[in-house]
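> Before anything else, here's the structure in question.
Rule-based calculations on the coordinates, nothing more; no lab input. All values derive from a computational prediction rather than experimental measurement. Every residue, glycine among them, receives a Cβ derived from its backbone with ideal geometry; neighbour counts consider all protein chains shown.
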Amino acid sequence: MLFKSIVASLFSLSLAGSTFALPVAIQAGGALQRRAFPLQAYADFQISDTPAGNAQAEAEAVFVKPFEGIDLATVSDEDRDNVEAMRSLAEQAETEQFNPAIDAASGEEADALQRGKIKNKVLKLTGISQVRKIDLAKAQAAGKSTASIETKLADSQKKLAKNIATDKASAGLDAKGVV
């Protein structure tokens, strides 16, 4: 009987502990702050396997929507670094997986891989744009110079707009990922 009571108590405590560990918005100096943007493996957030034409919304669901309503100046360094790491994984997929796969393919398979690569570029550029928006908000909040961040952000957004247009031009066509 005592054993069952101890087990039940430990089980209850473990559930309570896991509830408090969930990533939720919290108050920090009057502004909402997301406690965690979890680092994910590329296969868990890639968007290249769905038809072309909706890459912008899919990429924003990964990198932008989790920060909606959050003051980007309050984003933790860990969360910012997780966004950067995931963006880097998308870039690695482009150079180390998409490019060789496209070179080795032909016909519709090569075309589908190319459309998948464009969707991946939208993902990568959405990620770097979000990192730069976080950096910009933090620099502004700290009263630091933002000129170089603004220039980099504008460059990222220009490339992003070009790749979104390319994706939309292929709307409805099959895209193929590399994982």
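> Place +1 on the Cβ of every Lys and Arg and -1 on the Cβ of every Asp and Glu in the range 138-179, take the dipole about the Cα centre, and give the residue among G143, A154, V179 whose Cα lies farthest towards its positive end.
G143
> Another question, if that's okay. Using modelled backbone amide H atoms (1.01 Å from N, in-plane), which distant-in-sequence or interchain residues come within less than 5 Å of D49's amide H?
G177
> Which of the aspartates and glutamates could a cross-linker span from K176 if the Cα-Cα distance has to be under 12 Å and same-chain partners fewer than 8 positions apart are dropped?
Straight-line reach from K176, under 12 Å: D49, E108, E109, D111.
> Calculate one ³J(HN,Hα) per residue across the range 58-63 by plugging θ = phi - 60° into the Karplus curve 6.51 cos²θ - 1.76 cosθ + 1.60, and present them in order as whole Hz with x for glycine and proline.
Taking θ as phi minus 60°, the curve returns 5, 5, 5, 4, 7, 9 Hz for the range 58-63.
> Can you give the local net charge around K138? Use residues other than it whose beta-carbon is closer than 12 angstrom to its beta-carbon, Lys and Arg +1, Asp and Glu -1.
0
> Related question: Mind jotting down the distance between the C-alpha centroids of the range 115-177 and the range 39-79, whole Å?
With the range 39-79 and the range 115-177 each reduced to a Cα centre, they are spaced 11 Å.
> Then there is this: Can you compute 3J(HN,Hα) from phi for each residue in the range 146-158, using the Karplus curve 6.51 cos²θ - 1.76 cosθ + 1.60 with θ = phi - 60°, rounded to whole Hz and x for Gly and Pro?
10, 4, 5, 5, 4, 5, 5, 5, 4, 4, 4, 5, 5
> Over the range 35-96, what is the relative contact order in whole percent, taking alpha-carbon pairs under 8 Å and six or more residues apart?
62 percent
> Would you tally the net charge around Q56, using a Cβ to Cβ cut-off of less than 9 Å, leaving Q56 out, and scoring K and R as +1, D and E as -1?
Value of the local net charge: -2.
> If you don't mind, another one. Considering only Cα-Cα distances, which of the following residue pairs are longer than 31 Å: K117/K144; K138/K162; K119/K144? Walk me through the numbers before you get to the answer.
Working: K117/K144 36 Å; K138/K162 27 Å; K119/K144 34 Å.
Flagged as over cut-off: K117/K144; K119/K144.
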